[in-house]
1. I need a count of the residues in region 30-71 that are hydrophobic (A, V, I, L, M, F, W, C), in a loop (DSSP other than H, G, I, E, B) and more than 29 Å from SER134 (Cα to Cα).
2. Are any residues in region 49-60 surrounded by 12 or more Cβ atoms within 10 Å (Cβ to Cβ) and acidic (Asp, Glu), and if so, which ones?
3. Being closer than 25 Å to ALA99 by Cα and touching a helix residue (DSSP H, G or I) at 6+ places or on another chain (Cβ under 6 Å) is the requirement here; does ARG56 meet it?
4. Taking region 153-176 as the search range and keeping residues that are assigned to a strand (DSSP E or B) and within 12 Å of the chain's Cα centre (by Cα), which one is surrounded by the fewest Cβ atoms within 10 Å (Cβ to Cβ)?
5. Collect the residues in region 72-110 that are among the β-branched types (Val, Ile, Thr) and touching an Asp or Glu at 6+ places or on another chain (Cβ under 8 Å), keeping them in residue-number order.
6. Yes or no: region 92-102 includes at least one residue that is assigned to a loop (DSSP other than H, G, I, E, B), in contact with a Leu (Cβ under 6 Å, 6 or more places away or on another chain) and either surrounded by fewer than 15 Cβ atoms within 10 Å (Cβ to Cβ) or of a type outside the set (Val, Ile, Thr) (or both).
7. Here is a list: ARG52, ARG34. Which entry is outside the structural domain of CYS123 (by TED's automatic domain parsing) and in contact with a His (Cβ under 9 Å, 6 or more places away or on another chain)?
8. Among the numbered conditions (1) more than 20 Å from the chain's Cα centre (by Cα); (2) part of a strand (DSSP E or B), tell me where ILE106 comes up short.
Amino acid sequence: MEGESVTLHTDVTKIRENDDILWKFGAENFLIARISGAAGVFPTYDDVPDGRFRDRLKLDDQTGSLIITNITTEHAGEYQLVIRGVKLLSKTFSVSIYAPLPIPVIISNSSQCSSSSSSPSYCSLVCSSVLNVSHVTLSWYKGISVLSSISASDLSISLSLPLEVEYQDKNPYSCVLNNPISNQTTHLDINTLCHTCAEVHDHCCGPTEAVIRLALCALVGVATVAFLFYDIRSTRGVG
């Protein structure tokens with residue numbers, strides 16, 4: 001995960017006097033650290049290839065393991081360990097770095113609500129996430145069972161996944177965004193997001209609003225009658 005420290009182990013218990021340990025990075029095999037057991041020096045070359053390792057490299061003076069601190073996605077790639085001693089040993093590490101995941105958002109598509117006396121009513125939902133990370137999967141869960149999922153390997157992409165549930169469904173639903181090392185979960189609150197068409201209508205036109213509308217209609221009616229009465233009297237007076 002970005003911001004953490006990563007240790008690449010040599011599997012050496014203790015550096016011997018005749019050991020020469022080299023750490024290299026990338027396809028170009030840039031030398032980024034070296035340990036000379038005979039000379040007792042442990043230099044790091046953190047200004048190569050482009051300064052991305054500056055102030056981030058440390059060496060364990062007992063084992064020769066390489067420690068990369070405050071790691072970011074630009075430090076992903078292959079690292080090569082070469083130990084020259086009694087035997088020549090070589091080892092390659094492939095390092096993948098993942099950015100923090102955003103929290104997925106669940107919304108209700110109330111325009112698609114349906115209600116029928118002969119069929120159950122369903123709530124139409126969409127879980128979505130705008131990503132700036134790679135290699136992720138967005139999934140709907142019912143309890144611990146996966147209902148549906150969609151994956152993306154590219155950066156800067158928007159993922160969305162629909163779901164329909166019955167309004168009276170009491171099962172736990174959740175939307176999960178995950179990569180190989182972490183996940184973010186949003187639990188569905190059906191009572192908050194899902195309303196039947198009748199409930200939506202009652203909410204829009206409840207008792208209070210109905211009384212207000214009735215009062216306004218009455219005022220308009222009284223004003224109309226008063227205007228007509230005044231107009232009739234004015235007409236008779238002119239005649």
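The values are calculated or read from the model by the stated rules, or taken from the named source; none is laboratory data. Note that the coordinates shown come from a computational prediction; the quantities given were computed from them, not determined experimentally. Every residue, glycine as well, gets a Cβ built from its backbone with ideal geometry; the counts of neighbours run over all protein chains shown.
1. Taking region 30-71 as the starting set, the residues that turn out to be hydrophobic (A, V, I, L, M, F, W, C) are 30-33, 35, 38-39, 41-42, 48, 53, 57, 59, 66-68, 71.
If we keep only those that are in a loop (DSSP other than H, G, I, E, B) as well, we get 38-39, 42, 48, 53, 71.
Checking the rest, the ones that are also more than 29 Å from SER134 (Cα to Cα) come to 38-39, 42.
Residues that pass the stated criteria total 3.
2. Of everything in region 49-60, just one residue is surrounded by 12 or more Cβ atoms within 10 Å (Cβ to Cβ) and acidic (Asp, Glu), namely ASP60.
3. Values: closer than 25 Å to ALA99 by Cα: yes; touching a helix residue (DSSP H, G or I) at 6+ places or on another chain (Cβ under 6 Å): no.
So ARG56 fails the test.
4. Taking region 153-176 first, the residues assigned to a strand (DSSP E or B) are 157-166, 173-176.
Among the residues that remain, those that are also within 12 Å of the chain's Cα centre (by Cα) are: 157-160, 175-176.
Values: ILE157: 14, SER158: 9, LEU159: 18, SER160: 14, CYS175: 24, VAL176: 19.
My answer is SER158.
5. Within region 72-110, the subset among the β-branched types (Val, Ile, Thr) is 72-73, 82-83, 86, 92, 95, 97, 103, 105-107.
Those that are among the β-branched types (Val, Ile, Thr) and touching an Asp or Glu at 6+ places or on another chain (Cβ under 8 Å): THR72, THR73, ILE83, THR92, VAL95, ILE97.
6. yes
7. ARG52
8. ILE106 satisfies every listed condition except (1).
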